[in-house]
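Engineer: My questions will all concern the structure given below.
Values in this text are rule-based calculations from the coordinates and carry no lab data. Keep in mind it's a predicted model, so treat the numbers as computed, not measured. Backbone-built Cβ (ideal geometry, glycine too); neighbour counts: all protein chains shown.
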Amino acid sequence: MASRSSTGSPRPRPRRAAGSVAALALASSLLAACGGDGGKPELVWYINPDSGGQAAIAKDCSTDEYTITTQVLPQDAGQQRIQLARRLAAKDPSIDLMSIDPPFTAEFADAGFLAEVPQDAKAKLEEQGTFKGAMDAATWKDKLVVFPFWSNTQVLWYRKSFVDKAGIDMSQPVTWDQIIDAADENDAKIGVQANKYEGYVVWINALVEGAGGHILEDAGEGVDAKITLGDEAGQDAAAIIEKLATSEAAPADLSVSNEGTAGSTFGSDQGSFLVNWTYIWHNYDDTAPDVAKDIGYARYPQTVEGEESRPPYGGIGIGVSEFSDEKDLALEAAQCLVSPESQGVNAEITGNMPASTKGYEYPKLEDQYPADLLELFQASVDAAAPRTVTPYWSDVSGAIQNIWHPPRAVDKDTPERSTVFIEDVLKGGDLL
Amino acid sequence: MTATMAPEKDVTKAAKRAASDRAQAENRLGLKLVAPAVVLMLLVTAWPMIQALYLSLFRYRLTAPDDRAFVGIDNYLTILSDDQFWKSTLTTLLIMVVTVAVELVIGFAFAMVMHRIVFARGLMRTSILIPYGIITVVSAFAWQFAFSLNNGFVNSWFNWLPFIADDTNWFGDYPHAMFAIMVSEIWKTTPFMALLLLAGLAQVSEDMLEAAKVDGATWTQRLTKVILPNMRAAIMVAVLFRALDAYRIFDNIFVMTKGAEGTQSISFLTYRQVIEQMQLGLGSAMSVLLFLSVLLLAWLIVKLFRVDLAQARGEG
């Protein structure tokens, strides 16, 4: 092609115009990046998806000094961990605050991603009666690394009509054996979480702890921690899962069940028992009012008859990024976000219960929940067994999921096999 | 270039030198013009590959940066002696062989339809190509919902079949889950296969077909003796492309089963090491092995079926 001569070309303008447009666009995008509100810093809070509780308190806690905005993380706790950890590993300064699931707190703290909670803030948290379990889960190597925000636990939900039919006395503690038998004999299904995900390990951990054991001990040793899942308590846990999975009480979708699908099973005609988090109480208000009226609640079932159950512990702690440009402001903001008032507002909107006794005193909660249910929640959080605090929890959890899933394949050899596998994975000798 | 230079043989030496000077200048200009692209390519492809190769020799975890240590080829030995690696490889090969075979048959039928259709040609071609335009993740979710026990339609529509019941859990065991994954994969990529085959069909000369017809060849004879042999190169390229694609299957498995029930593919296993476990060392070693196995597969297919890429492009 012949090159165009530049002699007397009358139209150099479009290029200049395009250049100006590009420069303008660049300048405006740079300006936008500086934050609009006349230099008022913006604190970005990465939250787990909820029904608006965290966004509401972000607004309440914004001050003349800073604005707190929220960014939503993926639904799945494992995916939340991945997204946060990868950005923090790259020292991303755009994360100021984040909602962290308790099992991953140790991993983040160990990697140096989290700013330490100052002493005065810690004193305040103790003053507002933050539950011991919540404080333990928020502590790594004797340092408080996240602000306990909400503390969740599971209780045993049941359909009153079903227990009447089956003739079970729910005023006394019940065992897993009892409820599986009752559902099996009466053509009903039990709702649990047994998909290949963190929720399944929550169930396994509660069963093991309920039998007086632990998944692992000496977590401080890191990859050399002692795996004790193969002990008797692990056997008891495996026996219950095997019994449920091979009985008629197992829902058809057992191997892919999560909190949501288990809730659907419970709400169906075959619903009988369900182990699930606190928000279930208002789950059916709009969608199935008949079911809502039929819900009863009791303490989490016992793994071994006569031995107190250890309900699962869940919740969210608010961490401040070590790499935040506004670390001090973020630490200040976090104190407001976990105040009893904020915990109460969040509980009112989302059904995720406060992490402190003062939080439970939030007046509107009494209107929303029966007094004995609030008591049950607090007693369950007190007795709850958190998953072991170790920076390698995701490996441990992933290894357990690999061996214990699907539930119908669980048998008496499963605990021992998983013990060996976890050890191999931790030492880097096996793929996960 | 050589072809265009050929007629200049007779011209004088001086002219020839001038031409070659000019050619050299053009070459230099050409190199300068492609240089930025080459540099960019090296930056975005070669550099990460070299880095992966380097990282694969370390024990290195993103969340435990202080624990980094050189381990030589230990990571490779760990992987190659691991059950899961071989099981995943087998699963991946199974998915590859079945989906490519089914896609080849259906894709060929679609290509024939697109080639021969007289009325509503554009509409028909577009509708056949729609699945290929859909993002794989979206298609995976669509099929997951379709097969879902709680809100899918597959169970209620097909419960008259002997092996499907109202409460069939499609993601509850290996055969069912693999079936669902393969259906999604086939649905999504058959149009691509059809498109490649259509290009091959278009190369088959109408004269040959007419000659065969005049000679009294039946439809089957025309298909097997004229059409297919003349499309061989196109078919092989289609198989090669799809086989390599299928071997790297990830999205469908990630969305539908998350690797449960033994449906983990080799890409998914790699993802778990690098992204989920943040084991950069072990994960990089897996990526290198994945890369090598794709390379090996490509070489095998090219050698085994004697694919001639130049011929497929119509240069042969």
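Engineer: From other protein chains only, count the Cβ atoms within 10 Å of every residue's Cβ in B:256-266, then give the mean.
Structural biologist: Across the residues of B:256-266, the mean count of other-chain Cβ atoms within 10 Å is 3.
Engineer: Kindly write out, for segment A:81-91 in residue order, the coupling ³J(HN,Hα) from the Karplus curve 6.51 cos²θ - 1.76 cosθ + 1.60 (θ = phi - 60°), rounded to whole Hz, with x marking Gly and Pro.
Structural biologist: 4, 4, 5, 5, 4, 5, 6, 5, 4, 8, 6
Engineer: Which of the peptides B:274-285, A:86-97, B:35-46 is most tightly packed, and how do the rest follow, going by the mean number of other Cβ atoms within 10 Å of each residue?
Structural biologist: Put in order of decreasing packing, that is B:274-285, A:86-97, B:35-46.
Engineer: To the nearest 10 degrees, how steep is helix A:393-404 against the longest Cα principal axis of chain A, on a 0 to 90 scale?
Structural biologist: 50 degrees
Engineer: Count the net charge of all other residues whose Cβ sits under 13 Å from the Cβ of B:MET193, scoring Lys and Arg as +1 and Asp and Glu as -1.
Structural biologist: -1
Engineer: If r is the Cβ-Cβ distance from A:VAL420 to B:ALA298 and R0 is 56 Å, what FRET efficiency results, to the nearest 0.05?
Structural biologist: For A:VAL420 and B:ALA298, the calculated efficiency is 0.90.
Engineer: Could you run the Karplus curve 6.51 cos²θ - 1.76 cosθ + 1.60 with θ = phi - 60° over segment A:119-133 and give me ³J(HN,Hα) per residue in whole Hz, x for Gly and Pro?
Structural biologist: Values, residue by residue: 4, 5, 5, 5, 4, 5, 5, 5, 4, 7, x, 4, 4, 4, x Hz.
Engineer: Which lysines does A:LYS132 reach when only Cα atoms under 23 Å apart count, and residues fewer than 8 places away in its own chain are ignored?
Structural biologist: A:LYS122, A:LYS124, A:LYS141, A:LYS143, A:LYS358
Engineer: Apply the membrane-span-like helix rule to chain B: whole DSSP H runs, Cα extent along the own long axis of at least 15 Å, mean Kyte-Doolittle hydropathy at least -1.0. List the helices found.
Structural biologist: Within chain B the helices that satisfy the rule are B:13-41, B:83-116, B:121-133, B:136-147, B:174-203, B:228-247, B:280-304.
Engineer: Where is the GNM fluctuation largest for chain B (alpha-carbon springs, 10 angstrom cutoff): B:VAL154, B:VAL118, B:VAL239?
Structural biologist: B:VAL118
Engineer: Please state the charge dipole magnitude for segment B:249-310, taken about the Cα centre, from unit charges on C-beta atoms (+1 on K and R, -1 on D and E), reported in debye and rounded to the nearest 20.
Structural biologist: For this selection, approximately 140 debye.
Engineer: Let me ask something additional. Once you place label points 7 Å from the Cα toward the Cβ at B:THR224 and B:PHE291, how far apart are they in nm?
Structural biologist: 4.5 nm
Engineer: Mind giving me the nanometre distance, one decimal, between the label points for A:SER171 and A:GLU375, set 7 Å out from Cα along Cα→Cβ?
Structural biologist: In this crude spin-label approximation the distance works out to 1.3 nm.
Engineer: If you don't mind, there's one more thing I want to ask. If I model a spin label at A:ASP76 and A:GLU361 as a point 7 Å from the Cα along the Cα→Cβ vector, what separation in nanometres do I get?
Structural biologist: Each label point is offset 7 Å from its Cα along the Cβ direction, giving 4.2 nm.
Engineer: Got a sec to turn the phi values of segment A:191-196 into Karplus ³J(HN,Hα) couplings, 6.51 cos²θ - 1.76 cosθ + 1.60 with θ = phi - 60°, whole Hz, x for Gly and Pro?
Structural biologist: With coefficients 6.51, -1.76 and 1.60, one gets x, 9, 10, 9, 5, 7 Hz.
Engineer: Looking only at the protein assembly as shown, where both bridge partners belong to it, what percent of the DSSP beta bridges are antiparallel (to the nearest 5)?
Structural biologist: So the antiparallel bridges in the protein assembly as shown amount to around 70 percent.
Engineer: Same structure again: Treat every Asp and Glu Cβ in the protein assembly as shown as -1 and every Lys and Arg Cβ as +1, leave all other atoms uncharged, and give the resulting dipole magnitude about the Cα centre to the nearest 20 debye.
Structural biologist: 5980 debye
Engineer: Which one, B:VAL118, B:ILE181, B:MET193, is farthest towards the positive end of the dipole of segment B:91-197 when Lys and Arg carry +1 and Asp and Glu -1 on their Cβ?
Structural biologist: B:VAL118
Engineer: Tilt of helix A:176-185 relative to the longest C-alpha principal axis of chain A, in degrees (0 to 90, nearest 10)?
Structural biologist: 80 degrees
Engineer: Could you tell me the center-to-center distance, by alpha carbons, between segment B:217-250 and segment A:265-313 in angstrom?
Structural biologist: What the calculation gives is 57 Å, centre to centre.
Engineer: Once amide H atoms are placed 1.01 Å from N in the peptide plane, what residues at a sequence separation of 5 or more from A:THR175, or on another chain, have their amide H within under 5 Å of its amide H?
Structural biologist: Answer set, sorted by chain and number: A:GLN302.
Engineer: Next up: Go ahead and run the numbers for FRET between B:VAL34 and B:ARG248, Cβ-Cβ distance against an R0 of 25 Å, rounding to 0.05.
Structural biologist: Efficiency, from the Cβ-Cβ distance: 0.35.
Engineer: Using unit Cβ charges (K, R positive; D, E negative) and no other charged atoms, how large, in debye to the nearest 20, is the dipole of chain B about its Cα centre?
Structural biologist: Rounded to the nearest 20 debye, it is 1160 debye.
Engineer: Please list, or write none, the aspartates and glutamates whose alpha carbon is within less than 12 Å of the alpha carbon of A:LYS189, excluding same-chain residues fewer than 8 places away.
Structural biologist: A:ASP181, A:GLU248, A:ASP253, A:ASP269
Engineer: For segment A:75-137 and segment A:145-195, what is the centre-to-centre distance using only Cα atoms, to the nearest Å?
Structural biologist: Using only Cα atoms to place each centre, the spacing works out to 31 Å.
Engineer: Moving on. Of A:LEU207, A:ALA58, A:PHE104, which is farthest on the positive side of the dipole of chain A, counting Cα position, with +1 on Lys and Arg Cβ, -1 on Asp and Glu Cβ, and the Cα centre as origin?
Structural biologist: Checked the options; the winner is A:ALA58.
Engineer: What FRET efficiency would be calculated for the residue pair B:VAL44, B:MET124, taking the C-beta separation as r and a Förster radius of 35 Å, to the nearest 0.05?
Structural biologist: The value I calculate is 0.35.
Engineer: Right, something else. Rank B:LEU209, B:GLY152, B:LEU269 by how far each Cα sits towards the positive end of the charge dipole of the protein assembly as shown (+1 on Lys, Arg Cβ; -1 on Asp, Glu Cβ) and give me just the farthest.
Structural biologist: B:LEU209
Engineer: Per-residue mean of other chain beta-carbon atoms within 10 angstrom of the beta-carbon, peptide A:83-92?
Structural biologist: 2
Engineer: From other protein chains only, count the Cβ atoms within 10 Å of every residue's Cβ in A:251-263, then give the mean.
Structural biologist: 4
Engineer: Let me ask something else. Please determine, in degrees from 0 to 90 and to the nearest 10, the orientation of helix A:371-383 with respect to the longest principal axis defined by the Cα atoms of chain A, where the helix direction is its Cα long axis.
Structural biologist: 80 degrees
Engineer: Taking the alpha-carbon distance from A:LYS427 and a cut-off under 16 Å, which lysines remain once sequence neighbours fewer than 8 residues away in the same chain are dropped?
Structural biologist: A:LYS226
Engineer: Further, regarding this structure: Which three extents, in angstrom, do the Cα atoms of the protein assembly as shown have along their principal axes, listed largest first?
Structural biologist: Result for the protein assembly as shown: principal-axis Cα extents of 105, 68, 54 Å.
Engineer: A further question on this structure: Roughly how many whole Å is it from the C-alpha centroid of segment B:20-76 to that of segment A:215-242?
Structural biologist: Each part reduced to its Cα centre gives a spacing of 44 Å.
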